[in-house]
Amino acid sequence: SGLVSLSSVSMAAAWLLALVLSCGNSYGHPDPHEAKSSGKCKGQNSTQTWRDGTESVPCVFEAPAALKPRSLMQVGALQESKIDMEDKAKEENVIAREAIQVGEAKESKKAENAKKKAGNTKTEHAKEAKEIEVKKAWDAGGAKRQLAPRRLKSFKGTPIGFIVADTENNRIMQWDVGADAVHGGRVVAGDDGTHACSHGNDCVNLPQDIKFDTEGHLIIAERDNKVTRWKIGATQGETVAGDGKKTTKANELKRLWDPTGIAIDHDGGYVIAEPNLHRVVKWSAGATQGELIAGTGKRSFGSRVGSTIEELDTPSKVEVAANGDYVILEKNRVSRWVPGQTQGTVVIDKLQNPVGLNIDSDGAYIITEKKGNG
């Protein structure tokens, strides 16, 4: 009976193997040799007949092929595909987060720019409001009719206070003794803000230097190629030298070129320094042209103290000494000229960009330098 049982088991195993092979190698897939059969397995419990016709067996499907892999190789491929999909999803999440961060950064920058623009607009509105306030102050007149000077070119002390050439505001200002430093000034010549300036004799064009004549009138050297004479508080001046047109020729004496220095001679004549022409000229009261009193129109270089010179180096200021000599501030030196002589003498050298010259009551030279220890 043991042999029978073993034989029965063997037969059962063989029959089961035949059954599997007849329906497919796994999970209901057709066998590779299915081409030999006369029909196909069409559904669950359908039968398939081998060509030799010796046997028919049921064909059982456990599940659709799409849900069950055919082999371990297919299982591995699916696992790799799953891993690839997970990696791709992670990568897409990273890209999405980066895109969000970029978008947030752009929005933040946009908000920052909008805030900055709003701040600029606020500043511009404040500036416009300030300008309107200043204009109203000008129109109101009196002590309020003034602006803070952007540049104080020069000043002269008077018994009643100070006179200031406010160059870039095209006007001359006066501060009385004891007046408020900010609001106590008033316009005494030039643009007072009450009318449109025509750049004629009702205006002062970039005043470079100022002096008083013997009658107490203001004598103003202007960048507008002329010298004008103003009565304190007048609304219009008169031209006393030049005609407002430029000359580039040193021997042309009817016109001026950018006069920057002015002095009053003992006879009331106007002594004028012209740096661009390297000369100093004198215009007598009522004259229609000047006379050359220092320089030749050519530039001089490198002379030391005590040297005799015939030429000037960019003269910018001039003063008349007590004895009538002309003291001239040049590019890096000071020279002194006797009236009627064609030569001068260097009295100070090695200056560093001097911009101001005066002579005190003792005859000493007071010099202002932009650089150096002066």
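The values are calculated or read from the model by the stated rules, or taken from the named source; none is laboratory data. As the structure is a computational prediction, the values presented were derived from the model and not from experiment. Reconstructed Cβ throughout: ideal geometry from the backbone, glycine too, with neighbour counts over all protein chains shown. Note: accessible area is taken over every heavy atom of the protein model, side chains too, but ligands, DNA and RNA are not part of it. Shrake-Rupley method; radii C 1.70, N 1.55, O 1.52, S 1.80 Å.
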Worksheet item: Sorted by average packing, counted as other Cβ atoms within 10 angstrom per residue and highest first, what order do 204-210, 165-171, 243-249 take?
Response: 204-210, 165-171, 243-249
Fill in: Gain upon complete extension [Thr296, Ile232; 0.36 nm per residue less C-alpha separation]
19.5 nm
Discussion item. Can you compute the FRET efficiency between Thr342 and Ala285 using 1/(1 + (r/R0)^6), with r the Cβ-Cβ distance and R0 = 25 Å? Round to the nearest 0.05.
Written reply: 0.55
Item to complete: Only bridges with both residues in region 272-365 count here: give the DSSP antiparallel percent, nearest 5.
Response: 95 percent
Worksheet item: Mind checking the log10 I(q)/I(0) for region 229-374 at q = 0.12 Å⁻¹? Debye, one equal scatterer per Cα, no solvent, two decimals.
Response: -0.47
Worksheet item: Given the Cα-Cα distance of Lys106 and Glu215 and 0.36 nm per residue of separation, how much length would full extension add, in nm?
Response: 32.1 nm
Item to complete: Using a 1.4 angstrom probe, figure out how much accessible area region 213-300 has per residue, in square angstrom, rounded to the nearest whole.
Response: 44 Å²
Fill in: Label point distance in nm, Asn353-Lys254, each placed 7 Å from Cα along Cα→Cβ
3.9 nm
Practice prompt. Give me the percent of the accessible area of region 275-320 that comes from carbon and sulfur atoms, probe 1.4 Å, all protein chains in place.
Written response: 44 percent
Worksheet item: If you wrap region 281-347's Cα atoms in a convex hull and average its projection over all directions, what's the area in nm²?
Response: 4.6 nm²
Response to the item:
Candidate cut points under GluC sites (Glu not before Pro) in region 268-327, DSSP loop plus at most 16 other Cβ atoms within 10 Å of their own Cβ, are Glu310
Worksheet item: Taking the Cβ of Gln236 as the center, what net charge do the other residues with Cβ under 11 Å away carry, scoring Lys and Arg +1 and Asp and Glu -1?
Response: 0
